[in-house]
1. What distance in nm separates the two pseudo spin-label positions at residue 51 and residue 178, each 7 Å out from Cα along the beta-carbon direction?
2. Which one, 226, 52, 270, is farthest towards the positive end of the dipole of the chain when Lys and Arg carry +1 and Asp and Glu -1 on their Cβ?
3. Taking the Cα centroid of region 1-37 and of region 193-264, what is the distance between the two, rounded to the nearest whole Å?
4. Can you tell which of 38, 178, 16 shows the greatest fluctuation in a Gaussian network model of the chain with Cα springs below 10 Å?
5. Just one of (1) 58, 41, 36; (2) 53, 42, 40; (3) 71, 40, 35 is Cα extents along the principal axes in Å as worked out from the coordinates here. Which one is it?
6. Using R₀ = 41 Å, calculate the FRET efficiency as 1/(1 + (r/R₀)^6) where r is the Cβ-Cβ separation of residue 228 and residue 18; round to 0.05.
7. Relative to the longest principal axis of the chain, what angle (0 to 90°, nearest 10) does the C-alpha long axis of helix 237-251 take?
8. Using a 10 angstrom cutoff on alpha carbons, build the Gaussian network for the chain and name the most mobile of 107, 135, 261.
Amino acid sequence: MTELKSLSSDLLFQKQKDLKLYSEEDVKNKLLLPLLNQLGYSSEHNMRFENPIRVQVGRKKIVVRSDIEILVDNKVAIVIDVKAPDVTLSESDLLQASSYAKLVDTPPALYSFATNGHDLLGINNIDGTNVNSIPDLASLIADLQGQIRPFTDIELKEVKSTLITIMATDDLYQVIRQCKKIIENKALIRSDQSFKEMTKIMLVKMNEERRARNKGLSNRFSTQWLSISASKNSCSELDSFKELFKEAVSTYKGIYRRNDPGILINDNQSL
């Protein structure tokens, strides 16, 4: 049997044509694990399955599980999220795998991958670059040298925020109601304008998440960043947030009229 140096989408697609894959378990057991064994990884010695990771989701604490973890010297080096063969892979699948990789160990896992058995998405969790294939064991050990560093508390909070999901429509209703109450009662903004104010805040959030993901930069939608920015620039947190809003409006032109007054909230506490 030819020794593999890496596992790519092309190889996965070539191998899966000879197999009947109907489920996520088929992808993992019939296709992925035999190929990982050829790369030098062993289920008995350096692989772990369904490892529990505790996270806060909305108002509930739940446990998520990473499908496959590859360890080197008892530290997680690769996290692989496995999908069913009929699932179309997206960036959100890779983002989920990357979140697991950053939370599962300290230092974080170097690589994250998502696969449905014929496509493969990968990322280097340290520098944010895309990775096209899973390396063999020897190559992974070489890659680990000098690559790993711990994440800061702010970075870890950003990672955890990617896993926070509102689980039910009732929860969503409660969040909207609480936000409107703050905007109307504390920020003293009229009820007919409060929801529009919420959309402006959400526009900043969306712009920051896409900016961080697409450009490999830090997400500035956090109280920590606003506090640091305010101190650095001798201004208020609200002033720093208004600058983020201007950037978001510049990125997504045409959402608001030219004469729109911008952020109406006028105190840091309400923001």
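None of the figures in this text is laboratory data; all of them are computed from the coordinates on show. In this text the structure is predicted, and so the values were computed from the model without any measurement. So basically every Cβ, Gly included, is an ideal-geometry build from the backbone, and we count neighbours across all protein chains shown.
1. 3.2 nm
2. Projecting each Cα onto the dipole axis, the largest value belongs to 270.
3. 44 Å
4. With Cα springs under 10 Å in the chain, the top fluctuation among 38, 178, 16 is at 178.
5. So the calculated entry is the one marked (3).
6. So, using R0 = 41 Å, E works out to roughly 0.15.
7. So the helix axis and the longest Cα principal axis differ by about 70 degrees.
8. Of 107, 135, 261, the most mobile in the Gaussian network model is 261.
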